[in-house]
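Each remark here refers to the structure printed beneath this line.
Just so it is clear, none of the values below were taken in a lab; they were calculated from the coordinates. As the structure is a computational prediction, the values presented were derived from the model and not from experiment. Using ideal geometry, Cβ is built from the backbone for each residue, glycine included, and neighbour counts are taken over all protein chains shown.
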Amino acid sequence: MSNPSLLILPGDGIGPEVMDQVVRVIDWFGAKRDMPFDVSTDLVGGAAYDAHGTPLHDDTMAKALQVDAVLLGAVGGPKYDDLDFSVKPERGLLRLRKEMDLFSNLRPAQCFDALADFSSLKKDIVAGLDIMIVRELTSGVYFGEPRGIFEEGNERVGINTQRYTEGEIERAARSAFDLAMKRSKKLCSMEKANVMESGILWREVVTRVGQDYPEVELSHMYADNGAMQLVRAPKQFDVIVTDNLFGDILSDCAAMLTGSLGMLPSASLGAPMENGRARAMYEPVHGSAPDIAGQGKANPIACMLSFAMALRYSFDHGDEATRLENAIEKVLADGARTADLMGPEGGTALSTTEMGDVILAA
Ligand code: ATP
Ligand code: MG
């Protein structure tokens, strides 16, 4: 059997800096746990534009469609602000998402005890928080037709259309149920079935899919109530599944329950490939952080946690994912902090590489 394959796209800004620490972890698994990966590395975003005049070369796109998983750092930066829209670094990312058909976006919001003070909420509300929001990523109101700004009588009207097919709802729901099965078998679906037809269909299809997962405890909630519950008592949830628009808002809201952008991973999953696994891309939630790029002080944890998600969801190494997450939790509990995690009381911040050192040691 061939080794699991991984395409690494470090990208721009702090992308390559944080990705270096992940590569050390991958090497560690190969050497110490006899878990070799076939890793190839390529360019994306501004780095690809500089080399090829396009933010994603066709060869890179072809490679992304062949591997078991893609791990991406970040794209963009002020250097590329004036580029034509068609070659902007972000277009490289969008092309990957589109051609890999990544319809299910997984955003965990996990609060490490040692960082609970960073939350915008009281410590006891968030300590130990570990939830996952599954957002449908390729349909809904951001894509539905008709859309546009039209003349209507003597004024203009802006129109977007919330549109979901049963198939689109079903595949997103299925990915959420699969995930719930790997976690605590509790799923909450959020829509506005009280005022939206797409919400009625959403609830109906999710309920139907749920019949294939009798072990999963399914509940439904209107998304506005869901937003309130997320900040009131977030620990009542485990997996939440919702549409593109509500998911956009709810996942950012959940993210800030946990504190720093430098801590948040994500996964985007698509349809099953020939080997039965979902096509997948993993990336930290943060961007290229131009303000600190090149200074060696970026927090590598979001990118490392993204690789942990890859271990769990693409490579069936949930135990090793937990090993990596536990190492991160331990160093944080021991007081290891990059600059973004320093409270007002100060202290000595670790560099990106030093944070990698202590995590590897743990
Ligand atoms: P982009 O357009 O690429 O998303 P952005 O301007 O939105 O860039 P982000 O990269 O999202 O910026 O970062 C927002 C802020 O958070 C910046 O001040 C950045 O320095 C900080 N930040 C983001 N990621 C990290 C990290 N991994 N470690 C430390 N600080 C970070
Ligand atoms: Mg950003």
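Brief remarks on what is shown
- In a reduced charge model with +1 at each Lys and Arg Cβ and -1 at each Asp and Glu Cβ, the chain shows a dipole moment near 600 debye about its Cα centre.
- Where the Cα pairs of the chain fall when distances are cut into 10 Å bins, in %: 5, 23, 32, 27, 11, 2, 0, 0
- Approximate spin-label separation GLU151-ASP224, in nm, with each point projected 7 Å along Cα-to-Cβ: 3.6
- Once the chain from ASP291 to MET256 is taken as fully extended at 0.36 nm per residue, the excess over their C-alpha distance is 10.5 nm.
- Positive-end ranking of ALA114, GLY346, PRO300 along the dipole of the chain, with charges on Cβ about the Cα centre, is headed by ALA114.
- Sites ILE249 and MET342, calculated FRET efficiency, Cβ-Cβ separation with R0 25 Å, nearest 0.05: 0.30
- In the chain, Cα pairs under 8 Å separated by at least six residues give a relative contact order of 21 percent.
- Here the Gaussian network model covers the chain, with springs between Cα atoms less than 10 Å apart; of ALA127, ALA74, ALA310, ALA127 fluctuates the most.
- Counting only DSSP beta bridges whose two residues both lie in the chain, roughly 45 percent are antiparallel.
- Placing pseudo-labels 7 Å out from each Cα toward the beta carbon at GLU170 and SER5 gives an inter-label distance of 3.0 nm.
- Sites ASP212 and LEU94 - FRET efficiency at Förster radius 35 Å, r taken between beta-carbons, to 0.05: 0.65
- Taking the Cα centre of the range 1-44 as origin and assigning +1 to Lys and Arg Cβ atoms and -1 to Asp and Glu Cβ atoms, the resulting dipole is close to 220 debye.
- Highest GNM mean-square fluctuation among GLY199, GLY46, GLY148, for the chain modelled with Cα contacts below 10 Å: GLY148.
- Trypsin sites (Lys or Arg not before Pro) restricted to the range 1-90 and DSSP loop, no more than 14 other C-beta within 10 Å: ARG33
- Comparing SER189, SER120, SER175 in a Gaussian network model of the chain, where Cα atoms under 10 Å apart are tied by springs, the biggest mean-square fluctuation is seen for SER120.
- Inter-centroid distance (Cα atoms) of the range 295-332 relative to the range 164-230, Å: 28
- Potential lengthening of the chain between GLU197 and ALA62 amounts to 44.7 nm, from the contour at 0.36 nm per residue minus the alpha-carbon distance.
- Estimated from the Cβ-Cβ distance and a Förster radius of 22 angstrom, the FRET efficiency linking GLU354 and TRP28 is about 0.85.
- Sites matching chymotrypsin sites (Phe, Trp or Tyr not before Pro) across the range 280-362 that sit in DSSP coil, with at most 12 neighbouring C-beta atoms within 10 Å: none
- If the convex hull is drawn through the Cα atoms of the range 127-186, its volume per residue in Å³: 120
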